Amino acid sequence: MIELGLDWGIKLSFVQYIAKLPDGQASASSGVRPTETNGLFFEADPDTPPTPAGADAVYAFRGDVRFGGHFGMLYVRIADPWIVRRGNQAELTVLDPHEPKKAPRKRLVTFALSQPRSEGDIQIWDGTDVILTAEACSVFNDVYAAGERFESLVFAVHRGAAEGFGGCASGSGSTGCV
Ligand code: HEM
């Protein structure tokens, strides 16, 4: 039985870098757990957000991953990833690492989507060519340039999940979107 959720290792070389630091720390909580294949599994969030104008679907996952090191100077938080699909392209946004309640969500990476495969009423999507956005370079202290390659990802959702919220497509504002 396929579990609904997002399997994504973020960036292996970054995880290895944290593991090598004398005071490196990594934690996974609130709906995400490490997998046997060096990945992280974020569970599906049953509270589906409205689909943004012009997008085909949004898939919400939950979980809070935090990396620390260098005596508190390094703090990277990847929390509650949402995937916004537009045709065969998609972007993944996360809570703002420093102001999760106030600041808008941050577009972390973009990627290409293959045709989904189905198992019963579950659709499984593969995301490849996962690259860092310019606006998220600061999350990693500007060590990576925009376009830096991140790990490929896989996510499983209910067929038709989060689709059909056409009320938002007109861009008519914050009401009437769901
Ligand atoms: C005292 C401050 C810091 C020092 C001395 C330091 C040092 C280093 C060194 C030596 C490397 C190369 C590691 C290797 O190739 O094995 C590295 C890589 C890196 N650092 Fe730091 N760093 C510092 C702070 C930070 C902070 C604050 C962040 C992020 C918030 C950060 C993010 C990274 C990243 C993303 C890499 C690349 C990892 C990879 O993919 O290979 N560093 N750093």
- line: Looking only at lysines whose Cα falls under 16 Å of Lys20's and that sit 8 or more positions away or on another chain, we get Lys11
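Could you tell me whether the stretch 10-86 comes out rounded, prolate or oblate from its Cα gyration tensor? Rule is a ≥ b ≥ c as square roots of the eigenvalues, rounded for a/c under 1.5, then prolate if a/b exceeds b/c, otherwise oblate.
On the way: a/c = 2.49, a/b = 2.22, b/c = 1.12.
Prolate, since a/c reaches 1.5 and a/b exceeds b/c.
Once fully extended, how much extra length lies between Lys102 and Arg33, figured as 0.36 nm per residue of separation less the alpha-carbon to alpha-carbon distance?
Values: separation 69, 0.36 × 69 = 24.84 nm, distance 2.59 nm.
Between Lys102 and Arg33, full extension yields an extra 22.3 nm.
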field: 15 Å beta-carbon shell around Arg105, net charge (K/R +1, D/E -1)
entry: -2
statement: Log entry: pair-distance distribution for the chain, C-alpha pairs binned every 10 Å from zero, whole % per bin is 10, 37, 37, 14, 3, 0
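Taking the number of other C-beta atoms within 10 Å as the exposure measure, put Met1, Met73 in order starting with the fewest. Walk me through the intermediate numbers first.
Details: Met1 5, Met73 8.
Exposure proxy ranking, most exposed first: Met1, Met73.
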- line: Going fewest to most other Cβ atoms within 10 Å around each Cβ, Leu21, Leu40 line up as Leu21, Leu40
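Read-outs throughout are calculated quantities, based only on the coordinates presented, and are distinct from any laboratory measurement. Note that the structure is predicted; figures quoted are calculated from it, not measured. No Cβ is skipped: glycine too gets one built from the backbone with ideal geometry, and neighbour counts run over all protein chains shown.
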